[in-house]
Amino acid sequence: MTTQTRDPFGNGAILETNYQQINSNVKQEMKYHRKEKTMKALIKIAAVFLALLAVPLAAEENRFEVVRQVAGGEPVHLVCVESMPEGATAETPVAVLCHGFTSNKNDPLIRGIADALLAHGIGVVRFDFNGHGETGGEFSRMTIANEVLDAEAVLTRCAETHPGARLALVGHSQGGVVASLTAGRSGGRIAALVLAAPAAVIREDMLRGNIFGSGFDPLDPPETVAIMGGNLLVGREYILDAQRRDVYAEAAAYRGPLFVVHGTGDRVVPWTCGERFVREHSGAPAEYRPIPGADHAFSGRIAETTEAIVGFLTAAFAQRADRPNDPSGLPADWSPIPVGEPNTAYAKFFIGRSYLHKLTLDQVPAFGVTFEPGCRNNWHIHHAKTGGGQILIVTAGVGYYQEWGKPARRLVKGDTVNIPAGVKHWHGAAPDCWFQHIALEVPGTEQSNEWLEPVDDAAYAEAVGR
């Protein structure tokens, strides 16, 4: 049966939906989702069971929770597992893995990627999105928007615990969409992005009024839509969020290295979705790698798929002179102030990498501070009984300065910022540009610095207009 629905966004298009074909396709892919069982409770049990039975990774696993606060609601406790390769250092790169819709961090593809990355010296963090696996929350309250917040929270934690490491995002299916959107909002924090069968078709599915063979009115979605035998509920907010979201445009804000792998036999998400991510990418090189005949879950082709992913990430992390976040690639005349050395002593108070060059400690202490794209320091306060504070003089690049409760101020070469003592503030680079300033410590009495919470991805994106 084929039905027609008018595009609710007023484009005048008629959206055709062949439900018999959709149901046939869904049935052929249902084996991918059977491990989730049928009920929310069984999904959680299956996740624990898989974790107990799975072949142990080569490295020791560190289980932890990342707590994401929810305005007016209960916080979300994201259950995470971190594995670092033997001999890991402060600069060992780390990949954050994002699973798909109804899946979890122990999905065979996610585990396969994790094992392969660890074997090649790359650390891994796997986690369960809200409403999935061991993480709490109702599945019906899950949306793409709050999954992006989940990924950002985990990413922020990784940046805090691995301040010297380069970070990558790897996502499968809906996790690929979430990874692409998170990378687009990350302000240069992501060194590499991998998408496996990214489910950008989700918008079209929601506009047509069909999800996993369950139909609904796309012009007025119900509060919930039952899927997978009626034992999982997809919420209205999920549908509306997906209908309005231009995934490709939002993902295009990420300009770093991109790798997309997609099976040509995928009957859930057409391989053309993966191809389009690469086609619309600008900036660093992007590659599309088809896996001939592979289905949405890469069933029986996981080894081939992970080999391709590992090859890309290994090369991306190994590149130095050509990568956009390597200061050695800056022009010789970029600034009269040297970039300096990695700011390791204060790395825990920064998101991203910064560099420090001591100018003088006599009379008025002065330092040159260089920020890689997207790097910013935490909210902080310069305290003093009398005098005190700080003056910034911008010497190169583009950056931002923001005081608590005020809009961010864009900074370019020649700008100065006077920061009185007692003012809560942060400063850092623009998302796609290096930034450098001289920091002058204003003399005062009983001076101290108070470091506060990080400027997370959402706050940073809002501040810089992303």
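The values are calculated or read from the model by the stated rules, or taken from the named source; none is laboratory data. Only a predicted model underlies this, so the values are computations on that prediction, with no experimental measurement involved. Positions of Cβ are backbone-derived with ideal geometry, glycine not excepted, and every protein chain shown enters the neighbour counts.
Scanning region 354-363 for residues that are modelled with pLDDT of 90 or more and either closer than 17 Å to His427 by Cβ or in a loop (DSSP other than H, G, I, E, B) (or both) yields Ser354, Tyr355, Leu356, His357. For region 278-316, which positions are surrounded by fewer than 22 Cβ atoms within 10 Å (Cβ to Cβ), among the hydrophobic types (A, V, I, L, M, F, W, C) and out of contact with any strand residue (DSSP E or B) (no Cβ under 6 Å at 6 or more places or on another chain)? Ala284, Ile302, Ala303, Val310, Ala315, listed by residue number. Out of everything in region 237-277 that is more than 20 Å from the chain's Cα centre (by Cα) and small (Gly, Ala, Ser), what residue ends up being surrounded by the fewest Cβ atoms within 10 Å (Cβ to Cβ)? Filtering region 237-277 for residues that are more than 20 Å from the chain's Cα centre (by Cα) and small (Gly, Ala, Ser), the one surrounded by the fewest Cβ atoms within 10 Å (Cβ to Cβ) comes out as Gly265.
Looking at Ala191, Ala179, just one residue is modelled with pLDDT under 95, out of contact with any Phe, Trp or Tyr (no Cβ under 6 Å at 6 or more places or on another chain) and not in a loop (DSSP other than H, G, I, E, B), and that residue is Ala191.
Is one or more of the residues making up region 318-325 under 23 Å from the mean Cα position of the chain (by Cα), part of a helix (DSSP H, G or I), free of Cβ contacts under 8 Å to residues at least 40 places away in the same chain and surrounded by 19 or more Cβ atoms within 10 Å (Cβ to Cβ)? Walk me through it before giving the result.
Taking region 318-325 as the starting set, the residues that turn out to be under 23 Å from the mean Cα position of the chain (by Cα) are 318-320, 322-325.
Next, only the ones that are part of a helix (DSSP H, G or I) stay: 318.
After this cut, where a residue has to be free of Cβ contacts under 8 Å to residues at least 40 places away in the same chain as well, the list is 318.
Imposing the further condition that a residue be surrounded by 19 or more Cβ atoms within 10 Å (Cβ to Cβ) reduces the set to none.
No; the residues of region 318-325 include none that is under 23 Å from the mean Cα position of the chain (by Cα), part of a helix (DSSP H, G or I), free of Cβ contacts under 8 Å to residues at least 40 places away in the same chain and surrounded by 19 or more Cβ atoms within 10 Å (Cβ to Cβ).
Residues that are assigned by TED's automatic domain parsing to the domain that holds Cys80, under 14 Å from the mean Cα position of the chain (by Cα) and not in a helix (DSSP H, G or I) are absent from region 154-164. When you look at Gly414, is it modelled with pLDDT of 95 or more, touching a strand residue (DSSP E or B) at 6+ places or on another chain (Cβ under 9 Å) and in a loop (DSSP other than H, G, I, E, B), yes or no? Judged against the criteria, Gly414 is not a match. Pairs linking a residue in region 238-252 that is over 22 Å from Asn130 (Cα atoms) to a residue that is surrounded by fewer than 20 Cβ atoms within 10 Å (Cβ to Cβ) and polar (S, T, N, Q), with Cβ atoms under 7 Å and 6 or more positions apart or on different chains, are Ala252/Ser282.
Condition first: under 24 Å from Gly256 (Cβ atoms) and outside any loop (DSSP other than H, G, I, E, B). Now tell me which residues in region 282-303 satisfy that. Result: Ala286, Glu287, Tyr288, Arg289, Pro290, Ile291. Note on region 439-466: among residues that are touching a residue at least 12 places away in the same chain (Cβ under 8 Å) and assigned to a helix (DSSP H, G or I), the one that is surrounded by the fewest Cβ atoms within 10 Å (Cβ to Cβ) is Ala458. Against the list (1) more than 14 Å from the chain's Cα centre (by Cα); (2) within 28 Å of Met206 (Cα to Cα), the condition Val148 fails is (1).
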